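A short reminder: the numbers here are calculations on the coordinates, not readings from a lab. Keep in mind it's a predicted model, so treat the numbers as computed, not measured.
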Amino acid sequence: MIGRLNHVAIAVRDIAKAAAVYRDTLGAEVSDKVAQPDHGVSTVFITLPNTKIELLEPLGEGSPIGKFLDKNPDGGIHHVCYEVPDILAARDTLKAQGARVLGDGEPKIGAHGKPVMFLHPKDFCGTLVELEQA
Ligand code: CO
């Protein structure tokens with residue numbers, strides 16, 4: 001069902017500092033910071049030859065990554081994103097197998113303008129999984 005690894009997301013408190021680590025220390029291609037108020041985060045994308053890294057910084061009150069950063073003050077891997085060809089078909093197949101979809105169970109438009117949804121980490125080896133329609 002799942003296809004390519006679209007990105008690995010890393011939550012950080014200071015996205016400018018994190019972007020500088022990837023740009024200056026690791027020599028990667030780093031995007032500008034983009035505010036995503038609908039998702040309560042700002043993002044920077046780092047383009048690698050085979051995938052992307054998504055840096056996430058809290059934006060506004062009640063950011064969905066606020067609690068994660070309280071538990072992981074130095075930042076850390078927040079989720080992995082896998083591509084699927086048909087997100088509604090993937091959701092229905094996963095739900096039929098007992099997996100929990102977060103939120104209202106309907107895909108939302110994600111940071112790349114494509115439908116995404118998140119799956120409960122307890123059902124996936126302790127890792128928050130994002131599915132993105134390729
Ligand atoms: Co993501």
If one takes the longest principal axis of the Cα atoms in the chain, at what angle in degrees, from 0 to 90 and to the nearest 10, does the Cα axis of helix 87-96 lie?
60 degrees
What fraction of the DSSP beta bridges in the chain is antiparallel, stated in percent and rounded to the nearest 5?
70 percent
When only Cα pairs under 8 Å and 6 or more residues apart are kept, what is the percent relative contact order across segment 7-133?
23 percent
What residue among T25, T47, T93 shows peak mean-square fluctuation when the chain is described by a Gaussian network model with Cα springs under 10 Å?
T25
Under 23 Å Cα-Cα from K17, which lysines qualify once same-chain neighbours fewer than 8 residues away are excluded?
K33, K52, K67, K71
Rg [Å, one decimal], Dmax [Å, integer] - the chain, C-alpha atoms:
14.8, 46
